[in-house]
Amino acid sequence: MMKELDKLSLENYKPLREIVFEHLREAIITGEIEPGERLMEIQLAENLGVSRTPVREAIRKLELEGLVIMEPRKGVYVSEVSITDVKEVLEIRVSLEGLGAYLAAERIKDDELQELLKKHEELNKSIKDRDVSGIVRKDTELHNIIFKAAKNDTLVDLIDGLMEQVKRFRVSYVSGHHKSSDLAKEHEKIICAIKNRNKEAAKKYAEEHIEIAKKYIVSDYNREKL
């Protein structure tokens, strides 16, 4: 049976179909709606407190993004994620994260550095509180600051596209990884290197950070399939 979702907050100026789409998309990405789960228009409309029309339009958009599959006479299902695709994406991210940290160590401004240090403190608090959603959010924001400090718009565009493809694995990753202090230590090494303007060290630690994430995600996926 499909899980009940929270009612939507309609206090903004976006079209209703966009609000429903973003809500469902976030639920799929965070794993609240799991791969293989069936989406039923009527139930979703009732859960979200809207009519079936914006739900139907949102589902079509989710299909275009590859997040759901529509099968004739069977219905709509959340698509499975290929571990091969994720491995390939993470292999590319290793290089891009390394380059981003390298350039940030060279080009970061003082105000950006202070913003990075503050975000690191917020991330550490989320880790200490075992707040998984907070860890995912703060971790993403921290990496975004580093890429912004790299002063390379093309690099930012590339990494943004790749980040979308692995979001569905991030909750699984931090859920296990945040149980130790390793995640905090990995970020601390990267930030210290950037602060000290040590480009090679920043690159090395950023690459190691993504390699660790890749190993955890792959092993976790394989364990679930056993």
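Before I look further, what does the chain give for accessible area per residue, probe 1.4 Å, in whole square angstrom?
56 Å²
For a quick check of understanding: with a 1.4 angstrom probe and all protein chains in place, what accessible area in square angstrom does Asp139 have, to the nearest ten?
Accessible area of Asp139: about 10 Å².
Just by accessible area at a 1.4 angstrom probe, what is the order of Asp153, Asp160 from largest to smallest?
Most to least solvent-accessible, the answer reads Asp153, Asp160.
Could you tell me the accessible area of Ser51 in Å² (1.4 Å probe, neighbours in place), rounded to the nearest ten?
Looks like 60 Å² after rounding.
For segment 146-152, take each phi angle, set θ = phi - 60°, evaluate the Karplus expression 6.51 cos²θ - 1.76 cosθ + 1.60, and give the result in whole Hz per residue in order, putting x for glycine and proline.
Rounded to whole hertz, the list is 5, 5, 5, 5, 6, 6, 9.
Just the number, please: carbon plus sulfur as a percent of the accessible area of the chain, 1.4 Å probe, no ligands or DNA/RNA counted.
50 percent
Could you give the length gained on full extension between Leu117 and Asp129, defined as 0.36 nm per residue of separation minus the Cα-Cα distance, in nm?
2.5 nm
Based on DSSP H runs of at least 4 residues, each adding -39500 (n - 2.57), what is the mean residue ellipticity at 222 nm of the chain after dividing by all its residues, to the nearest 500 deg cm²/dmol?
After summing the helix terms and dividing by the residues of the chain, the value is -24500 deg cm²/dmol.
With 26 Å as the limit, write out which pairs from Lys118/Lys185; Lys109/Lys214; Lys14/Lys125; Lys61/Lys167 have Cα-Cα distances beyond it, or answer none.
As for pairs spanning more than 26 Å Cα to Cα, those are Lys109/Lys214; Lys14/Lys125.
Counting only Cα atoms, I'd like the Rg/Rh figure for the chain, Kirkwood definition for Rh.
Across the chain, the Cα-based Rg/Rh ratio is 1.01.
What is the distance in Å between the Cα centroid of segment 56-78 and that of segment 124-163?
29 Å
Please work out the FRET efficiency for the pair Ser51 and Lys185, using the Cβ-Cβ distance as r and a Förster radius of 35 Å; give the result to the nearest 0.05.
Efficiency, from the Cβ-Cβ distance: 0.10.
Tell me the angle of helix 83-107 to the major Cα principal axis of the chain, expressed in degrees between 0 and 90 and rounded to the nearest ten.
40 degrees
The values are calculated or read from the model by the stated rules, or taken from the named source; none is laboratory data. Worth saying up front: this structure is predicted, and the values here are computed from it rather than measured. Glycine also receives a Cβ, built like all others from the backbone with ideal geometry; neighbour counts cover every protein chain displayed. Protein only, heavy atoms only, side chains kept; ligands, DNA and RNA dropped before computing areas. Shrake-Rupley method; radii C 1.70, N 1.55, O 1.52, S 1.80 Å.
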